[in-house]
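Here's the structure we're looking at; comments come further down.
No lab work stands behind these numbers, since they all come straight from the coordinates. Here the structure is a predicted model, which means the values were calculated and not measured. Neighbour counts run over all protein chains shown; Cβ positions are idealised from the backbone, glycine included.
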Amino acid sequence: MTAAAPRTVRVVAALIPGPLDAQRFLVQQRLPGGSRALLWEFPGGKVESGETDEAALARECREELDVELAVGRRLSQVRHVYPDLTVELVLYAARLVSGEPKPLGAHALAFQSPEEMRALPFCEADIPFLDELVAGRLGPFD
């Protein structure tokens with residue numbers, strides 16, 4: 001008997017440069033007690049049925065960070081299989097339009113340089129984005 005394939009979800013994430021230093025980007029630590037508890041990731045969330053990636057990303061950041069975003073171009077995409085879930089993760093360039101990020105849906109928030117992010121335990125699905133960022137292959141918001 002073969003195990004059922006894990007369910008697949010589409011998730012969007014934002015690469016948000018800091019307001020004072022464009023070489024530092026917003027990352028969030030997942031809440032304790034849930035899946036991938038206390039691991040770090042780029043902010044974002046699940047795309048709901050009938051929603052565009054851009055609308056989902058703006059909504060998730062409004063709900064979880066209390067900020068308004070301008071969502072730019074798609075930067076990268078990965079597919080990662082966790083034991084319980086397959087994630088189709090898409091990273092978008094974004095910038096803060098209004099609001100100061102608050103950890104409403106996260107344990108902690110930080111603006112980190114790519115090198116500083118390397119010292120944090122990241123969700124496996126986000127690591128390819130971090131690798132691209134460190135290598136200088138992800139461009140700025142436009």
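Database remark: amide H of SER113 closer than 5 angstrom to the amide H of PHE25 (H placed geometrically; neighbours at sequence offset of 5 or more, or on other chains; Pro and chain starts carry no H).
What is the fewest-to-most order of LEU20, LEU31 by other Cβ atoms lying within 10 Å of their Cβ? Don't jump to the answer; show the numbers that get you there.
Numbers: LEU20 7, LEU31 15.
Going from least to most buried by this count: LEU20, LEU31.
Within the listed set GLY72, GLY44, GLY33, the Gaussian network model of the chain (springs between alpha-carbon atoms below 10 Å) gives the highest mean-square fluctuation for GLY33.
Contact order, relative form, for the chain: 31 percent (alpha carbon pairs under 8 Å, 6 or more residues apart, mean separation divided by residue count). Placing +1 on the Cβ of every Lys and Arg and -1 on the Cβ of every Asp and Glu, with nothing else charged, gives region 7-134 a dipole about its Cα centre of roughly 120 debye. Summarising the amide proton neighbourhood of THR86: residues at separation of 5 or more, or on other chains, whose placed amide H is nearer than 5 Å comprise ARG7, THR8, VAL9. Per-residue 3J(HN,Hα) values for region 46-62, derived from phi via the Karplus relation 6.51 cos²θ - 1.76 cosθ + 1.60 with θ = phi - 60°, read 6, 8, 7, 4, x, 9, 7, 4, 4, 5, 5, 5, 4, 5, 4, 6, 5 Hz in sequence order (x marks Gly and Pro). Distance from the alpha carbon centroid of region 67-113 to that of region 1-62 works out to 5 angstrom. Per-residue Karplus couplings for region 13-19, computed as 6.51 cos²θ - 1.76 cosθ + 1.60 with θ equal to phi - 60°, are listed in order as 9, 10, 9, 10, x, x, x Hz, Gly and Pro entered as x.
In the chain, the calculated helix contribution to ellipticity at 222 nm averages -5000 deg cm²/dmol per residue, counting -39,500 (n - 2.57) for every DSSP H run with n ≥ 4.
With both residues required to sit in the chain, DSSP beta bridges show an antiparallel share near 70%. Taking amide H positions as modeled 1.01 Å from N, with prolines and chain starts lacking one, the residues under 5 Å from LEU69 and 5 or more places away or on another chain are VAL97. log₁₀ I(q)/I(0) of region 26-142 at q = 0.14 Å⁻¹, via Debye over equal Cα point scatterers, no solvent, to two decimals? Log10 of I(q)/I(0), two decimals: -0.57. In a simple Cβ point-charge model (Lys, Arg +1; Asp, Glu -1; nothing else charged), region 63-129 has a dipole of about 300 debye relative to its Cα centre.
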